[in-house]
1. Hey, does segment B:94-105 have a residue that's aromatic (Phe, Trp, Tyr) and part of a strand (DSSP E or B)?
2. Please go through segment A:8-31 and give me each residue that is within 14 Å of chain B (Cβ to nearest Cβ) and in contact with a His (Cβ under 9 Å, 6 or more places away or on another chain), ordered by number.
3. Of the residues that sit in segment A:32-58 and are at the interface with chain B (Cβ under 7 Å from one of its Cβ atoms) and under 18 Å from B:Phe107 (Cα atoms), which one is farthest from the chain's Cα centre (by Cα)?
4. Take A:Tyr25 and decide whether it is surrounded by 15 or more Cβ atoms within 10 Å (Cβ to Cβ), under 23 Å from B:Ile38 (Cα atoms) and not aliphatic (A, V, I, L, M).
5. So how many residues does segment B:24-39 have that are touching a Pro at 6+ places or on another chain (Cβ under 8 Å) and in a strand (DSSP E or B)?
6. Return the pairs, sorted by first residue and then second, in which the second residue is of a type in the set (Asp, Glu) and part of a strand (DSSP E or B), the first residue lies in segment A:1-23 and is at negative phi, the beta carbons are less than 9 Å apart, and the residues are 6+ apart or on different chains.
7. I'm trying to understand the selection: among the residues of segment A:59-84, which are under 16 Å from A:Phe18 (Cβ atoms), surrounded by fewer than 18 Cβ atoms within 10 Å (Cβ to Cβ) and more than 11 Å from the chain's Cα centre (by Cα)?
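Coordinate-derived values only; no laboratory data. Keep in mind the model is a prediction, meaning the values are calculated, not measured. Because the Cβ atoms are built from the backbone with ideal geometry, glycine has one as well, and the counts that use them run over all protein chains shown.
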Amino acid sequence: GNSVTQMEGPVTLSEEAFLTINCTYTATGYPSLFWYVQYPGEGLQLLLKATKADDKGSNKGFEATYRKETTSFHLEKGSVQVSDSAVYFCALTGGFKTIFGAGTRLFVKA
Amino acid sequence: EPEVTQTPSHQVTQMGQEVILRCVPISNHLYFYWYRQILGQKVEFLVSFYNNEISEKSEIFDDQFSVERPDGSNFTLKIRSTKLEDSAMYFCASKFREGQGIHEQYFGPGTRLTVT
């Protein structure tokens, strides 16, 4: 069945550091890929998405490219801020449901 | 911008009691979902609902769970006899259309259920 694997956290960075959170997936067919963000005490917010191979999703300085050859969708940001501290979930949709990775907690220190 | 809403934000109940979690999906959406997230763990799919029937459910969604769209706006999740392990954050989501890569699911803010 479909699955998503993302790097374990927590990830702790200093402000303005470069961020990478790795995500790989297993799926049949051609799923859509997403990154969701969950700020403390809040629900899930869609951060970015990509619907086909080589698509790049981007939002708020975050980027991720749908790599079919490596079945990956790594999240990157060139310069993180304290306000980026949150849990980040990689997810895929194929069929009716969305399958989430375990989440990666990011702490950004001032 | 339209959003999915959920009530209550926090529900405390005693073991064995019935609870109903309520959701108002985005008004022109056709597909509805419930997910749960046990504290500190991953978000897990429970059930999807379309055209007034369940389209897919997970192994978590046993006979203790049911869903209903009682009118044109609400979408509810009922747990008949709650257990301690039902304590979690429950997220409702809705989607306009099905199909790969066409539309993403929009999530509500969640209801935190605490079973004591």
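1. no
2. Selection gives A:Cys23 alone.
3. The extreme case among them is A:Glu42.
4. Spelling it out, A:Tyr25 is indeed surrounded by 15 or more Cβ atoms within 10 Å (Cβ to Cβ), under 23 Å from B:Ile38 (Cα atoms) and not aliphatic (A, V, I, L, M).
5. 1
6. Short answer, once both residue conditions are applied: A:Phe18/A:Glu76; A:Leu19/A:Glu76; A:Thr20/A:Glu76; A:Ile21/A:Glu76.
7. Hits for segment A:59-84 are A:Lys60, A:Gly61, A:Gly78, A:Ser79, A:Gln81, A:Val82.
So that you can scan it fast, the table gives a plain yes or no per residue for (1) under 15 Å from the mean Cα position of the chain (by Cα); (2) surrounded by 15 or more Cβ atoms within 10 Å (Cβ to Cβ); (3) within 13 Å of another protein chain (Cβ to nearest Cβ); (4) assigned to a loop (DSSP other than H, G, I, E, B):
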| position | (1), (2), (3), (4) |
| --- | --- |
| B:Gln41 | no, no, yes, yes |
| B:Phe45 | yes, yes, yes, no |
| B:Asp62 | yes, no, no, yes |
| B:Val67 | yes, yes, no, no |
| B:Ser73 | yes, no, no, yes |
| B:Ser81 | no, no, no, yes |
| B:Glu85 | no, no, no, no |
| B:Phe91 | yes, yes, yes, no |
